[in-house]
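Enquirer: Right, I'll just put the structure down here and ask away after.
The values are calculated or read from the model by the stated rules, or taken from the named source; none is laboratory data. Computed from a prediction, not measured in an experiment: that's the story for all the values here. All Cβ positions, even for glycine, are placed from backbone atoms using ideal geometry, and neighbour counts span all protein chains on display.
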């Protein structure tokens, strides 16, 4: 299999091949998800070092369990489920009452090549403001917002991923958005910044 073939394969195929010991398929799957999982974990854990350690645990679990993946959900939901559980384990290990103090700035940001320098500066400023406001949310609200808006997961998938009722997901998203909006306004955000 050539490298271009691996990158054209579906998540399902890569997971199946990784489950049969295909390291090249696993590497392609890893590269496809590493930034997304890192961003999810940093929003959950708030500590870059802990996030990197947990990221390794997540990907080792994906490698070890790829052969057991039955396809009952999307591969992305399965991987984010592993990340969620490993993230919870990491929080428990460190401290059950630890407050996040590191922003998503540590996660790599992507910029549209077509953006003008002014657009890039404005986006960066808005991203920084959003990140700062996100820090003020509770861990549950940060997590559900990240999954709903950054990962664009449907509420049903978030519900099964977090093992909470769908109405709880909807309620958390609603209140998280309200709180985020309030925090952003308190930090000086105005609609004219968009």
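Enquirer: Can you name every residue in segment 30-39 that is within 15 Å of residue 75 (Cβ to Cβ) and touching a residue at least 40 places away in the same chain (Cβ under 8 Å)?
Expert: Passing the criteria: 33, 36, 37.
Enquirer: Further question: When residue 91 is evaluated against the numbered criteria (1) at pLDDT 65 or above; (2) part of a loop (DSSP other than H, G, I, E, B), which criterion, by number, is the only one it fails?
Expert: Residue 91 satisfies all of (1) at pLDDT 65 or above; (2) part of a loop (DSSP other than H, G, I, E, B) except (2).
Enquirer: How do the pairs read when you match residues in segment 161-178 that are assigned by TED's automatic domain parsing to the domain that holds residue 149 and surrounded by 15 or more Cβ atoms within 10 Å (Cβ to Cβ) with residues anywhere that are outside any helix (DSSP H, G or I) and at pLDDT 90 or above, using Cβ under 9 Å and keeping only pairs 6 or more apart or on different chains?
Expert: 172/164
Enquirer: Right, here's the next one. Given the residues 75, 62, which is the only one that is in contact (Cβ under 8 Å) with a residue 60 or more places away in the chain, more than 18 Å from residue 140 (Cα to Cα) and buried (at least 18 other Cβ atoms within 10 Å of the Cβ)?
Expert: 75
Enquirer: Would you mind stating whether residue 60 is touching a helix residue (DSSP H, G or I) at 6+ places or on another chain (Cβ under 8 Å) and farther than 24 Å from residue 131 by Cα?
Expert: No.
Enquirer: Does residue 16 qualify as being assigned to a helix (DSSP H, G or I), in contact (Cβ under 8 Å) with a residue 60 or more places away in the chain, in contact with a helix residue (DSSP H, G or I) (Cβ under 9 Å, 6 or more places away or on another chain) and crowded, with 17+ Cβ neighbours inside 10 Å?
Expert: Taking the combined requirement at face value, the residue does not satisfy it.
Enquirer: Now for a separate question. Is it the case that residue 52 is more than 22 Å from the chain's Cα centre (by Cα), surrounded by fewer than 21 Cβ atoms within 10 Å (Cβ to Cβ) and farther than 20 Å from residue 76 by Cβ?
Expert: It is false that residue 52 is more than 22 Å from the chain's Cα centre (by Cα), surrounded by fewer than 21 Cβ atoms within 10 Å (Cβ to Cβ) and farther than 20 Å from residue 76 by Cβ.
Enquirer: Applying the selection to segment 140-176, what residues are under 27 Å from residue 82 (Cβ atoms) and out of contact with any helix residue (DSSP H, G or I) (no Cβ under 7 Å at 6 or more places or on another chain)?
Expert: Scanning segment 140-176 gives 149, 152, 154, 160, 163, 164, 167, 168, 171.
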